[in-house]
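I have placed the structure first, in the form of structure tokens, so that the comments after it can refer back to it.
The values are calculated or read from the model by the stated rules, or taken from the named source; none is laboratory data. Predicted model, so just to flag it, every value in this text is computed and none were measured. Cβ atoms come from the backbone with ideal geometry, glycine included; neighbour counts cover every protein chain shown. Quick note on the areas: whole protein, heavy atoms, side chains included, nothing else; ligands and nucleic acids left out. Shrake-Rupley method; radii C 1.70, N 1.55, O 1.52, S 1.80 Å.
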Amino acid sequence: MTLTRKQLTLLALLGSAGLLLGALYFQYVRDLAPCKLCYWQRYGHVGALVFGALALALPSRALLALGGLAAASSSAVAVYHSGVERHWWEGLQSCSAPSLTGLTPEQALEAIMNAPLVACDSIPWSLFGLSMANYNIAASAAVAALFVLAIRATR
């Protein structure tokens, strides 16, 4: 069975919507506050939804390509976030707990008070040893692949 461009685009939209809804579920139902990189991963899917919806209304390979790039950007951020979580590399300054060595008590208090609420290098939830960022790598890549398949279906 060969899927049409419209069907593939709808699947990609469902994938992005599902990932965003899943993130919101963990945030509001499971009470897991997202870090800065978690938010960044969501932006790609918002873009994928916008470009995918536009591609349904105005059939365009360029809009499909932008949707695919948006989903792929979420996967790329998830790769970076996974490395930060696993301490393979350092995260953003605003994503990690401040170093308090060599600070006066007043400076340490200020550093703590200005630190982000959720550190990007912590893993608040995992399944089979994989974090949400780890799962997002594959899921976002699959959504991007659906956009690519939709582009190919327009030929």
Query - Single residue of Pro34, Pro59 found to be within 21 Å of Phe147 (Cβ to Cβ), modelled with pLDDT under 90 and in a loop (DSSP other than H, G, I, E, B) - result: Pro59
Report summary line: By residue number, the members of region 37-47 that are among the hydrophobic types (A, V, I, L, M, F, W, C) and at pLDDT below 95 are Leu37, Cys38, Trp40
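Consider Leu64 carefully, then state whether it is under 16 Å from Ile151 (Cα atoms), part of a helix (DSSP H, G or I) and at pLDDT below 95.
Working: under 16 Å from Ile151 (Cα atoms): yes; part of a helix (DSSP H, G or I): yes; at pLDDT below 95: no.
Judged against the criteria, Leu64 is not a match.
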Query raised in the report: Taking region 96-131 as the search range and keeping residues that are open to solvent by less than 60 Å² (accessible area, probe 1.4 Å) and among the small types (Gly, Ala, Ser), which one is modelled with the highest pLDDT?
Result: Ser131
Report summary line: Scanning region 1-16 for residues that are part of a helix (DSSP H, G or I) and either modelled with pLDDT under 95 or over 17 Å from Ala78 (Cα atoms) (or both) gives Arg5, Lys6, Gln7, Leu8, Thr9, Leu10, Leu11, Ala12, Leu13, Leu14
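Starting from residues that are buried (at least 19 other Cβ atoms within 10 Å of the Cβ) and touching a Ser or Thr at 6+ places or on another chain (Cβ under 6 Å), keep the ones in region 138-152 and report whichever is farthest from Ala53 (Cα to Cα).
Our first condition is that a residue be buried (at least 19 other Cβ atoms within 10 Å of the Cβ); within region 138-152, this holds for 139-140, 143-144, 146-147, 150-151.
Adding the requirement that they be touching a Ser or Thr at 6+ places or on another chain (Cβ under 6 Å) leaves 140, 143, 150.
Details: Ser140: 17, Val143: 14, Ala150: 13 Å.
So the residue we want is Ser140.
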Query raised in the report: Limited to region 77-95, what total is found for residues that are modelled with pLDDT under 90, open to solvent by 30 Å² or more (accessible area, probe 1.4 Å) and either part of a helix (DSSP H, G or I) or polar (S, T, N, Q) (or both)?
Result: 2
Query raised in the report: Within region 33-52, which residues are in contact (Cβ under 8 Å) with a residue 60 or more places away in the chain and surrounded by fewer than 19 Cβ atoms within 10 Å (Cβ to Cβ)?
Result: Ala33, Lys36
Requested in this report: Output the number of residues of region 64-76 satisfying the condition of being surrounded by fewer than 22 Cβ atoms within 10 Å (Cβ to Cβ) and not polar (S, T, N, Q).
Outcome: 5
